[in-house]
Amino acid sequence: MARLAVICGLNLADGYRLAGVGVFPATPGTPLRATLQAVLADDEIGLVLITDDLWTSLDERTRGALGDLPRPLVLNIPAGVVAETAARRELLGEMLERAIGYRIELGGTQG
């Protein structure tokens, strides 16, 4: 079974560890690139979540190359809480589109 890995800053690492996720703490720049290389080289990892603050620190070419990988699937996630319901739906819709290749519109009035 493929494993999940999270690349995030030190401030979020303990929370993901408590959830039982493989955590790879990183900072923008060269340390992030080294962490990405290590994670991508691990054949057991099938899904990589990277926090938005680190994701946006990567250049467009790198983000595009990560998005084109067949495996592992690399998705960016918020580095904190997304409070607004519409923003959460939009974020989830974007993640689903990247994961399965189809855009799904989420409706309803509940958050």
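We did not get these values from a lab; they are worked out from the coordinates using the rules stated. On a predicted model such as this, the values are computed, not experimentally measured, just so you know. Here the Cβ positions follow ideal geometry from the backbone for every residue, glycine too, while neighbour counts run over all protein chains shown.
Amide H to amide H distances under 5 Å link Gly22 with Leu4, Val6, where only residues 5 or more positions off or on other chains count and H is placed in the peptide plane. Could you work out how far apart the two model spin labels at Glu44 and Glu94 are, taking each label as a point 7 Å from the Cα in the direction of the beta carbon, and quote it in nm? Reported label-point gap for Glu44 and Glu94 is 3.2 nm.
Remark on Ser57: its backbone amide H falls under 5 Å from none of the residues 5 or more positions apart or on other chains, H modelled at 1.01 Å from N.
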